[in-house]
Amino acid sequence: MKKYIMCTISEISLKGKNIRRFKKILLDTITNKLKNNNLNYQMHENNSRIFLYLNEEENINIYIEILKKIIGISWIYIGYRTSDDEEEIEEAISKLISFKNPQKYRINAKVYQKKKWTSSRALMEDVARYINHHHHLKVDLTNFDFELSVKVFSTQEVLIFTKYTNGINGLTPLSSGNGLVLLSGGIDSPVASFLMQARGMNNDFITFLTPFTKTEETVSKIKKLAEKLNEYNAINGKLFIVDFSLIQEIIKKNAFENYRIVLLRRAFIRFSEFIAKEINASALITGESLGQVASQTLEAQSVINEVSKLIVFKPLIGLNKIEIIKKATNIETLEISNLPGDDMCSNFTPQSPVIKPKLDKVLLQESWINDYDEKAKITWETMTQVIELGNLKKDGGENAE
Ligand code: ATP
Ligand code: MG
C-alpha cells in the first residue's frame, strides 16, 4: 500500500501545443519547493495529473501547505494505491477517514477490470458496508464533506482517494516572464502582484521611502509583504528598498505643489524601468484602481503612464475596494498591510492634488529639473538596498521568530 497526493492541473491543461513547456515549469516548481524542505517522495505525471508517492511516515500536511501555494494546481487529493485485497482497501479507507475526520460521505466507485467485482455497484456496496460497520458516518449524496473514490484498475492497482483542498488556478510564475512590482505598504499593490503571479509572472519588488518614512516599522512591514508574496513565486525574488529623498527633493523644489504627486509617480516609474532593465524584468506592476484617489483618475493615469516604455500592468484597475480587500484576505496580505507603517511622507503630500493634470504642464515642470539623472545615479549606487527574498528564515533573520 502506498500513500500518495494527487494534484490536478488547471488552465495549463488547455494549452495545446505549448502544454509541455507550461507543465515543465509547474513540475520544476513543485520539485524545487519540496526539495527545499528535504521531503522524500517519488513524482509521476500522467494525463494532467501529478502523483507524489510518499513513505507512510511522511507528514502529508507539510506537502499540502507547500502545494497550496503553487500556482497552476487546481485540486489536491490524498489517497492510497493498493492491490485488490479487501483488508488493504479497508485499511486505506480507515486511514483517509481518520485523516479527514468527516461527518457525511458519499462513494464514487468504479471497476475498470471486472474480476473481483463484477460491477461498480457491487464494489460500492462492499465499501458502504465496511464504512457503516466501522465508522460513524452518515451517507449524504448532496451535502457531503467526504467523497471517497475507489477505482479498481487491476488486481494490483486500486486507487482510493478523496479531494482534500483546492489549489490556486492560473499559470505558474515564470511561464509568462519576470515582473517588477512597485510595492507600497498599502492593501492594493500586494494584490496586484499576486494577480500577475497567477498569470505566470515571477516577481521582484521595489519600494520607495524617504528618511522620514523609512522607519523600522515601515521597512519591516514591506519586508513581510514581499516575503509573503515571494511564497507564490516559482523562484525567489528580490526586494529593492530605495531611499528616494534626493529625487523627492528636486521634485519639491521645481514642481507646483499640486503637481508633486504626479511628478513623483512618474519618477517612480522611470526609476523602476531602470531597475527592471538591470534585473531583466519585462513589465512593471502597480496597484491602481480607476478613480480611487486623485492620482488614479483617467487623466492622471494617462499622464503617469506616458513616461514608461515598458508595459505597466495594473490588474486592479477595474476592481473596487471591497473586491480588493477580499483578495488581500485570501492571499494573507491584508493583515500585514493593516500593520502600522506609512510609505507616504506627509510633508510632501499636497493639500489639494491636481485631479486632471495636463501633460504639457508636467513636461514643462520636468524640464526645470536638470539633475534627475545625476540624482538617480547616486540613488541607485548608494541609496538602494537589495534584499534577497526567501532566505530570511534560514539566516535566522527577520522571519525567524
Ligand atoms: P496601495 O494600496 O498599493 O498603496 P494606493 O491606493 O495607496 O495603493 P497610490 O498611493 O496612488 O495608491 O499608489 C498607486 C500605486 O503606486 C501603488 O499601488 C503602488 O504600486 C505604487 N506606489 C505608491 N507608493 C509607492 C511607494 N512608496 N513605493 C513603491 N510603489 C508605490
Ligand atoms: Mg498607498
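Restricting attention to the stretch 180-197, the residues that are over 15 Å from residue 227 (Cβ atoms), in contact with a Leu (Cβ under 7 Å, 6 or more places away or on another chain) and more than 7 Å from ligand 1 (Cβ to nearest atom) add up to 2. Out of 288, 273, one residue alone is more than 20 Å from the chain's Cα centre (by Cα) and closer than 25 Å to residue 233 by Cα. It is 273.
Among the listed residues 279, 285, which satisfies the condition of being over 23 Å from residue 250 (Cα atoms) and crowded, with 17+ Cβ neighbours inside 10 Å? Before you say what the answer is, go through the steps one by one.
On the way: 279 fails: crowded, with 17+ Cβ neighbours inside 10 Å.
When all the criteria are applied, what remains is 285.
Suppose we filter 282, 245, 272 for residues that are within 21 Å of residue 190 (Cβ to Cβ) and within 13 Å of ligand 1 (Cβ to nearest atom); which single one remains?
Details: 282 fails: within 13 Å of ligand 1 (Cβ to nearest atom); 245 fails: within 21 Å of residue 190 (Cβ to Cβ).
Only one candidate qualifies: 272.
Checking the condition within 16 Å of ligand 2 (Cβ to nearest atom) and within 30 Å of residue 329 (Cβ to Cβ), which residue from 187, 235 passes? Give the steps one after another, and end with the answer.
Numbers: 235 fails: within 16 Å of ligand 2 (Cβ to nearest atom).
None of the others qualify; the one that does is 187.
Report yes if residue 63 is over 27 Å from residue 11 (Cβ atoms) and hydroxyl-bearing (Ser, Thr, Tyr), otherwise no. Spell out the reasoning first.
Details: over 27 Å from residue 11 (Cβ atoms): no; hydroxyl-bearing (Ser, Thr, Tyr): yes.
When the stated conditions are applied, residue 63 does not pass them.
Across the stretch 309-324, the number of residues qualifying as at pLDDT 95 or above and either buried (at least 16 other Cβ atoms within 10 Å of the Cβ) or within 25 Å of residue 361 (Cα to Cα) (or both) comes to 10. For residues that are crowded, with 17+ Cβ neighbours inside 10 Å and at pLDDT 95 or above, scanning just the stretch 331-356, find the one that is nearest to residue 186 (Cα to Cα). Out of the qualifying residues, it is 337.
Specify the residue that is nearest to ligand 2 (Cβ to nearest atom); the eligible residues are those in the stretch 190-217 that are assigned to a loop (DSSP other than H, G, I, E, B) and under 16 Å from the mean Cα position of the chain (by Cα). Outline the logic, then answer.
As a first pass, look at the stretch 190-217 and keep what is assigned to a loop (DSSP other than H, G, I, E, B): 198, 200, 210-215.
The next check asks that each one be under 16 Å from the mean Cα position of the chain (by Cα); those that pass are 198, 200.
Values: 198: 22, 200: 26 Å.
If we take residues in the stretch 190-217 being assigned to a loop (DSSP other than H, G, I, E, B) and under 16 Å from the mean Cα position of the chain (by Cα), then 198 is nearest to ligand 2 (Cβ to nearest atom).
One line per residue, one yes/no per condition, for (1) among the charged types (D, E, K, R); (2) in contact with an Asp or Glu (Cβ under 9 Å, 6 or more places away or on another chain):
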{"residue": "247", "(1), (2)": "no, no"}
{"residue": "266", "(1), (2)": "yes, yes"}
{"residue": "273", "(1), (2)": "yes, no"}
{"residue": "318", "(1), (2)": "no, no"}
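Applying the criterion of being out of contact with any helix residue (DSSP H, G or I) (no Cβ under 6 Å at 6 or more places or on another chain) and among the basic types (Lys, Arg) to the residues of the stretch 315-351, the residue that is nearest to ligand 2 (Cβ to nearest atom) is 321.
The values are calculated or read from the model by the stated rules, or taken from the named source; none is laboratory data. All values derive from a computational prediction rather than experimental measurement. Every residue, glycine as well, gets a Cβ built from its backbone with ideal geometry; the counts of neighbours run over all protein chains shown.
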